[in-house]
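The values are calculated or read from the model by the stated rules, or taken from the named source; none is laboratory data. It should be emphasised that the depicted structure is a prediction, and the values quoted were computed from it without experimental measurement. With ideal geometry, Cβ positions are generated from the backbone for all residues, glycine too; neighbour counts draw on all protein chains shown.
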Amino acid sequence: MSLRGLICIAVLFASNLACGALPTVEWRTLSGLTFSKLKEKFHGKRVRIMGHMIPLEGDEEFVTEFIFARSMPICPHYPPPPPVMRVKVKKSDEVLFSFVPFWIEGTLYVEKEKTTTGESYIQLKKPKVIQE
C-alpha cells in the first residue's frame with residue numbers, strides 16, 4: 001500500500017474517533033450473556049445498536065416509550081424476547097413509529113426491572129434515535 005493510502009486510512013480512523021463514533025453492539029453478542037456478565041460488560045457504556053421498535057407509550061404515529069429488540073414480534077400473542085435481547089427506551093420527545101429497523105445510540109444501564117412485558121434488564125439513557 002502506498003504512503004498516500006496509509007495516510008487516508010489514518011485520517012479516516014482519526015476522524016471517526018474525533019467525531020465520537022460509538023461502538024456497535026450486536027444482538028448476537030447480548031444473546032449469550034447472563035445478567036451479571038451483561039452488567040459487567042455493558043453497564044454505563046455508550047453504544048450504538050440497530051433494531052426494531054415495539055411501542056409501549058404513544059399512539060399510532062408517535063411513541064415516547066418503547067422496547068427496542070432484534071426483530072418485531074410475529075403477533076401480539078408471541079412471547080416477548082428474553083430480557084438480554086430487549087432494550088427499554090424512554091424519550092422526552094416523540095419518535096415517529098416505524099416498522100423499519102433503525103439505529104439508536106445512548107448509554108446502556110443494566111438493572112433488573114419488572115415491566116408489563118416481563119422482566120427487563122437493559123435501559124438506554126439519553127437515547128438518540130437515527131431514523132433514515
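Only one of these is over 24 Å from Ala21 (Cβ atoms) and either among the basic types (Lys, Arg) or in contact (Cβ under 8 Å) with a residue 12 or more places away in the chain (or both): Lys128, Lys88. Name it.
Matching residue, one of Lys128, Lys88: Lys88.
Go through region 57-89 residue by residue and tally those that are within 17 Å of Glu119 (Cβ to Cβ) and touching a Ser or Thr at 6+ places or on another chain (Cβ under 7 Å).
Residues flagged as within 17 Å of Glu119 (Cβ to Cβ) and touching a Ser or Thr at 6+ places or on another chain (Cβ under 7 Å) within region 57-89 amount to 7.
Given (1) surrounded by 12 or more Cβ atoms within 10 Å (Cβ to Cβ); (2) more than 20 Å from Arg28 (Cβ to Cβ); (3) modelled with pLDDT under 90, identify the lone condition not met by Pro83.
Unmet condition: (2).
Hey, among the residues in region 113-132 that are within 18 Å of Leu30 (Cβ to Cβ) and more than 15 Å from the chain's Cα centre (by Cα), which one's modelled with the lowest pLDDT?
The extreme case among them is Thr117.
Write out, first by first residue and then by second, each pair whose Cβ atoms fall under 8 Å of each other, whose residues are 6+ apart or on separate chains, and whose first residue, in region 29-43, is in a loop (DSSP other than H, G, I, E, B) while the second is loosely packed, with under 15 Cβ neighbours inside 10 Å and modelled with pLDDT of 90 or more.
Leu33/Lys41
Would region 14-28 turn up any residue that is assigned to a helix (DSSP H, G or I) and modelled with pLDDT of 90 or more?
yes
Only one of Val110, Val95, Val47 is among the β-branched types (Val, Ile, Thr), under 11 Å from the mean Cα position of the chain (by Cα) and surrounded by 14 or more Cβ atoms within 10 Å (Cβ to Cβ). Can you tell me which?
Of Val110, Val95, Val47, the one residue that is among the β-branched types (Val, Ile, Thr), under 11 Å from the mean Cα position of the chain (by Cα) and surrounded by 14 or more Cβ atoms within 10 Å (Cβ to Cβ) is Val47.
State whether the residues of region 110-123 include one that is more than 28 Å from Ser36 (Cβ to Cβ) and among the β-branched types (Val, Ile, Thr).
no
Can you tell me how many residues within region 36-59 are at pLDDT 90 or above, within 21 Å of Val110 (Cβ to Cβ), out of contact with any Leu (no Cβ under 6 Å at 6 or more places or on another chain) and not hydroxyl-bearing (Ser, Thr, Tyr)?
Count: 12.
Based on this model, can you work out whether Pro76 counts as under 23 Å from Phe42 (Cα atoms), at pLDDT below 85 and either surrounded by fewer than 16 Cβ atoms within 10 Å (Cβ to Cβ) or hydroxyl-bearing (Ser, Thr, Tyr) (or both)?
Answer is no for this residue.
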